[in-house]
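Chemist: The structure's right below; bear with me while I get my questions together.
The values are calculated or read from the model by the stated rules, or taken from the named source; none is laboratory data. Nothing here was measured: the structure is a model prediction, and the numbers come from that model. Glycine also receives a Cβ, built like all others from the backbone with ideal geometry; neighbour counts cover every protein chain displayed.
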Amino acid sequence: MELKEYPVRNNPDLIEYVKDNSLIEILLHGYNHEVSERKYEYGAKSENLHNLKQNTRKGMEELEEIFDQEISVFVPPHDVLSNTGVRAIESAGLNVLRGRGSKNFLMRKVYASGFIKMVGHKIVHPGHHPPYPYVLDFDKHKEAYCCRLRDDNLEQLKKDLRYVAKKEGIFVITAHIHNLNKESKYNLLEIIDRARDYGFSFCKPSELFN
């Protein structure tokens, strides 16, 4: 099967819908989300840094022009982000929404601090640990951590939300919209209602990093 790129600018109905909905914020989710021989786009090695920087900037600028929005947040495809991937998104001035904690270590003092926090978090919560509840600042970018919405994990989401509420932290849910079904939509609405009960305020992703 031939792989093709489908520019979003060729979908005027989607563009109009997004522009007409002020609650929608555009994030960058990779350049083409391509996987080749189990090699993930932002799991790239150092020799691919130049190309990855170019694609990151190109994808970001394309979306900014089409939707007339400034993009400041990156979500790694497949939740895979190598150190090379980190450097690529930093070159574009992007912050990161990703899985339940940081998995990188670069030679910076702030990464030593982040590593200690991640180890401590996992020790306190062995097994299926909740997302780290605060934004971490890695000097050239910041990261916030997320729960994945599924149709079978409502009880875990409730536990995670309760934990974050006690820590007075941030709670983020990610999902691929094409995977949503009746059950996962119900789970999302249930978590939104519980978040209101806990007194959470709702914001756009970029506001987490301000």
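Chemist: Just name the residue that is surrounded by the fewest Cβ atoms within 10 Å (Cβ to Cβ) out of those in region 78-120 that are of a type in the set (D, E, K, R) and assigned to a helix (DSSP H, G or I).
Modeler: Looking at the filtered set, the residue picked out is 109.
Chemist: Here are some conditions: (1) under 18 Å from residue 97 (Cα atoms); (2) of a type outside the set (Val, Ile, Thr); (3) touching a residue at least 40 places away in the same chain (Cβ under 8 Å). Residue 81 meets all but one. Which one does it not meet?
Modeler: Only one criterion is unmet by residue 81, namely (3).
Chemist: Being in contact with a Pro (Cβ under 8 Å, 6 or more places away or on another chain) and within 12 Å of residue 133 (Cβ to Cβ) is the filter here, so list the residues in region 145-167 that pass it.
Modeler: Scanning region 145-167 gives 145, 146, 147, 160, 163, 164, 167.
Chemist: Considering region 165-184 alone, what residues qualify as being farther than 17 Å from residue 136 by Cα, within 19 Å of the chain's Cα centre (by Cα) and outside any strand (DSSP E or B)?
Modeler: Selection gives 175, 176, 177, 178, 179, 180, 184.
Chemist: Can you pull out the residues in region 1-28 that are surrounded by fewer than 12 Cβ atoms within 10 Å (Cβ to Cβ), out of contact with any helix residue (DSSP H, G or I) (no Cβ under 8 Å at 6 or more places or on another chain) and in a loop (DSSP other than H, G, I, E, B)?
Modeler: Of everything in region 1-28, those that are surrounded by fewer than 12 Cβ atoms within 10 Å (Cβ to Cβ), out of contact with any helix residue (DSSP H, G or I) (no Cβ under 8 Å at 6 or more places or on another chain) and in a loop (DSSP other than H, G, I, E, B) turn out to be 1, 2, 3, 4, 5, 6, 20, 21, 22, 23.
Chemist: Every residue in region 19-72 that is within 22 Å of residue 207 (Cα to Cα), polar (S, T, N, Q) and modelled with pLDDT of 95 or more, please.
Modeler: Matches in region 19-72: 21, 56, 69, 72.
Chemist: Return the residue satisfying two criteria in turn: it lies in region 172-210 and is in contact with an Asp or Glu (Cβ under 7 Å, 6 or more places away or on another chain) and either closer than 14 Å to residue 132 by Cα or not polar (S, T, N, Q) (or both), and of such residues it is surrounded by the most Cβ atoms within 10 Å (Cβ to Cβ).
Modeler: Once the filter is applied, the top-ranked residue is 205.
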